[in-house]
Every structure is written in C-alpha cells, then in structure tokens.
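Visitor: Structure incoming, see below.
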Amino acid sequence: MESFQLQRSYLRIFTIWLLLSFVPGLPVLGAEPPLKLQTLIEEAFQRNPEIQATKQRWDAVKATIPQVQSLPDPIMGFGYRGPDIMREGRFQVQQQFPFPGKLGLKGEVASKTADQVSKAYKAVQLRVIAQLKVAYFNLHFVHESIEVVNKNLMILKELEKTAEVRYQVGKGIQQDVFRAQVELSREMERLTSLEQERHTITAELNRILNRPPTMPLGKPEEPTLTSLPYSLEELINLVKQQSPLLQVQAYGIEKSQSSLALAQREYYPDFIVSLGVMQSFLSDELTDAFGMFGIKVPLYYSTKQRYGEKEALANLEGARKNYDAVLQDALFRMKDNFVRVQRAARLVKLIGGAIIPQASLALESSMAGYGVGKVDFLTMLDNVLNLQQDELDLHRQTTDHEIAIARIEEVIAQPLHEYAVAKD
C-alpha cells in the first residue's frame, strides 16, 4: 500500500511535468487576443502626448519664418501746427528698412531652427517607439516568467506531497519536506514580484499610449529573433548619415553660422524713410508735403554689436562641441547594443538548442531514478529548479535581443523588423 502511494505520487509528478513541458501554450477558452506590437506603435503615433507636443512645436517654429522675414511695422503719426488745433494738421508715415541681407539671414536662422525641430520631432518619435518596444518585450518576458513559475509551483507542490509520503513511510527524511516547502515559498515570492512588475510595465505602456494607468493589456505575441543584416562598420555609417539626433546638431551648427553672419551684419546701419503731408482744416488744399531719410547708426557697437558677435561665435563653437558629444554617445550606444544582440543571439541558440534539452533529459532521468529509489530527492529538486532557471534565461535572452534591436533602430532611424527570422 505504501509503495503504491509512492508510485502514484511519482506518476503524478511525471505526468504534470510532461504535460507542462511538452504541450506548452494550450489554448484557454475565453483567453484575451494577443497584444500586437504594430497596433501599439500606430496608437502611440496618434496618442502619445510627447510626440504630439513636439509636432505642435514644429508647426509653431515654421510659423516664425515669414514673421522674421517681414519688414518692421510702419509708424504712423498725426500732429498739428499753430495755436488753433483745428487750423493745420500733419500726417506722417515712417518705415524702417534693415540693411540689405539682414532679413534674409533672419529667415535662414528661423528656417534652420525649424529644420532642427523637424529632426527633433523625428527623434522623439523614435525614442518613444523604442520605449514602447522595450516595455512590450519586458511585458512578454514577465508573462512567460509567470507561466514558468506557475508550472513549477504545480510540480513543487507534488514534490512536497511525495516527500511527505516518503518521510511518513520511512523512505525519506524530513529535510526533504522542509526543502520542498522552502522552494515553494521562494516560488511564491518570485510570483508576487512578477505580478507587481507586470502591473508596473502595464502602467508604463499605458503612459506611453496616453491611456488610464489601470487599463488592462493582453499578453504580447511571441517575438521572433530579428536578424541584424549590418556589420558594426555599416551601422556606424548609418548613424552618421541617418541619426535624427545628429541631424539636429548639424542644423544647430548651420543655424549658429547664420546667426554669426547676422551678428556681423548688425554692424551696418538700418535705414528709415518718412513721408508726410500737411493740410489746413480750413480748406481742402494740401499746404505742404515733406519726406525724410534717416540712418539708424550702430553708435554703441562696442557694447552691443561686438558682444553680439562674441555671443554668436561662442554659440557656434558650442554647437560643434554638442555635435561631437552626441556623435560619441550615439556610437557608444550602437556598439553596446550591437554586442548585446550578438551575445543574446548566441545564448538563445545555446540555451534553446543545447542546455534546455540536456536539462530536460537530466530531470527526466532523475525522476525515473527517484521513482525506483536510485536518486535522492534533493538531486531531483535541483534538476527541477535548474530547468526552470534555464527556461527563464531563454526568455530573458530573447527579450534582451529584441530590446537591443529596438535601441539600434532608434539610433539609425531605420526599422529592422522586416529581417525577423525564426529562432533556432
């Protein structure tokens, strides 16, 4: 009778392990449809506040170009002459004309500013979508981890029951029961942490999508490993050619150059033209007409125009240094994520193609040996925990691979998802 109880406990453990290990992803009635990444990306373009705010800023900056290229508003004046206010009046119009080239340079500065904001708009889009992808893939990892932990909880509960039966019939030790209970508690702790992380990532995705933070999300689709079709040198060239952040700095240099030319042009005077007429209110005849030509002299150039030029020179040098800093940061991020992609791809192949199959065989063998008393409980328990960790590592490396791909896409401003290939 005791032997029968032990065999039944062993068979129950083995059956659960087989079902959960070799028949994954069983359909569940009423399950939510998978959460599609492309759908979330399209929603982010439409709803993300940061993207929309940058778009509005771009529209606002573009509207400044015709403003700065326009002449200053004319000044209109009215006066009178003589002791009788109704005797003779004077009407005058005054217009200032900037020195030739100043308005064009102001337009260039505003145009380069608009170009900067245009590229900043693109950079914000790329950054937000990269954040979305990182959260999406992390949410997938959490969901997969919860499934792995729940599977192991079922197995550990059966192991605990088996250890208790063996202890009761004198074929096991109490330490096995305690060890099983400890591992059960650890799995419950891990499950609690994963559930909290799932809620945090869900709130992060909802923030990006401008949704209520508690709005539920489904389970992400199973990702495929995205192939990286470029060498590191090719990626570096793509960064230099296509990175919106670099283009922002490049337009910043051009804007500073135009600002410097404008500051140097400020040494030249502006012109003022005035036209006026005088008319007697006692008759309809014009009594006099006059005109005036004036020059706005840059008399205080030593404290205004000269320091304006120095300011423009400093801004130009700062823009060049900013370009160098952004370039170095972009190249570092590219190299770092390139290495992460390579490492994750190798580990996915190693863990999925070798380690997990070997760990599964080791667990199957230990279960068989445990059933006939040739393997001790702790050995079988260690094999269960090792296989769980290997499964978690596989999901982690797949997630890290796709996160690194998303960050490379952000830097080169080019999607790579069309190169997705199935995992080995």
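Visitor: Whenever you get a sec, line up Glu309, Glu233 from highest to lowest accessible area (probe 1.4 Å, protein heavy atoms).
Guide: From most accessible down to least: Glu233, Glu309.
Visitor: With each label point set 7 Å from Cα along the Cα-Cβ vector, what nm distance links Lys161 and Val375?
Guide: 2.0
Visitor: Report, to one decimal in Å, the Kirkwood hydrodynamic radius for region 304-410 based on all distinct Cα pairs.
Guide: Taking the inverse mean of 1/r over all distinct Cα pairs, region 304-410 comes out at 18.1 Å.
Visitor: Another question, then. Please report the base-10 log of the normalised intensity I(q)/I(0) for region 174-258, using a Debye sum with one equal scatterer per alpha carbon and no solvent, at each q in 0.14, 0.20 (1/Å).
Guide: -0.88, -0.96
Visitor: Which value, in Å² rounded to 10, gives the accessible area of Arg207 with a 1.4 Å probe and all protein chains present?
Guide: Probe radius 1.4 Å; accessible area of Arg207 about 120 Å².
Visitor: While we're on this one: So, by mean Cβ neighbours within 10 angstrom, what's the order for 91-102, 150-161 with the highest one leading?
Guide: In decreasing order of mean packing, 91-102, 150-161 become 150-161, 91-102.
Visitor: Which residue, Phe45, Phe293, Phe271, has the most motion in a Gaussian network model of the chain that connects Cα atoms within less than 10 Å?
Guide: Phe293
Visitor: State the percent of C-alpha pairs, over all pairs in region 207-303, separated by a distance greater than 22 angstrom.
Guide: 74
Visitor: Only helical DSSP H runs with n ≥ 4 go in: add -39500 (n - 2.57) per run for the chain, normalise by residue count and round the 222 nm mean residue ellipticity to 500 deg cm²/dmol.
Guide: Taking each H run of at least 4 residues, the total per residue is -24000 deg cm²/dmol.
Visitor: Regarding region 64-166, what are the three Cα extents along the principal axes, ordered largest first, in Å?
Guide: The Cα atoms of region 64-166 stretch 123, 35, 11 Å along the principal axes, largest first.
Visitor: Right, here's the next one. Once the dipole of the chain is set up with Lys and Arg at +1 and Asp and Glu at -1 on Cβ about the Cα centre, which of Leu153, Gly79, Ser258 lies farthest towards its positive end?
Guide: Checked the options; the winner is Gly79.
Visitor: Tell me the per residue accessible area of region 325-368 using a 1.4 Å probe; a whole number in Å² is fine.
Guide: Per residue, region 325-368 has an accessible area of 53 Å².
Visitor: Here's something else I'd like to know. Could you work out Rg/(2.2 N^0.38 Å) for region 295-366, with Rg from alpha carbons only?
Guide: 2.69
Visitor: What is the distance, in nm, between label points placed 7 Å from the Cα along the Cα-to-Cβ direction at Glu311 and at Ile272?
Guide: Going from the Glu311 label point to the Ile272 one covers 2.2 nm.
Visitor: Say R0 is 35 Å: what FRET efficiency, to the nearest 0.05, do Arg47 and Gln241 get from their beta-carbon distance?
Guide: So, using R0 = 35 Å, E works out to roughly 0.70.
Visitor: Right, next: Write down the Å³ per residue value for the convex hull defined by the alpha carbon atoms of the chain.
Guide: 231
Visitor: Out of all Cα-Cα pairs in region 254-350, roughly what percent, to the nearest whole number, are more than 19 Å apart?
Guide: Roughly 71 percent, rounded to a whole number.
Visitor: Something else: Between Gln56 and Lys304, what FRET efficiency follows from the Cβ-Cβ distance if R0 is 30 Å, with the result rounded to 0.05?
Guide: The formula returns an efficiency of 0.30 here.
Visitor: Could you give P(r) for region 133-204, binned at 10 Å from zero, as whole percent values over all Cα-Cα pairs?
Guide: 20, 37, 22, 14, 6, 1
Visitor: If I ignore ligands, DNA and RNA and count only protein heavy atoms, how much of Met292 is accessible to a 1.4 Å probe, in Å² to the nearest 10?
Guide: Probe radius 1.4 Å; accessible area of Met292 about 100 Å².
Visitor: Any of Lys255/Lys296; Lys102/Lys255; Lys255/Lys304; Lys240/Lys310; Lys133/Lys240; Lys62/Lys321 with alpha carbons more than 19 Å apart? Name them for me.
Guide: As for pairs spanning more than 19 Å Cα to Cα, those are Lys255/Lys296; Lys255/Lys304; Lys240/Lys310; Lys133/Lys240; Lys62/Lys321.
The values are calculated or read from the model by the stated rules, or taken from the named source; none is laboratory data. Bear in mind the structure is a predicted one, so any value in this text is a computation, not a measurement. A quick note on method: Cβ atoms are made from the backbone with ideal geometry, for glycine too, and the neighbour counts reach across all protein chains shown. To get the accessible areas, we keep the full protein, side chains included, count just its heavy atoms, and leave off ligands, DNA and RNA. Shrake-Rupley method; radii C 1.70, N 1.55, O 1.52, S 1.80 Å.
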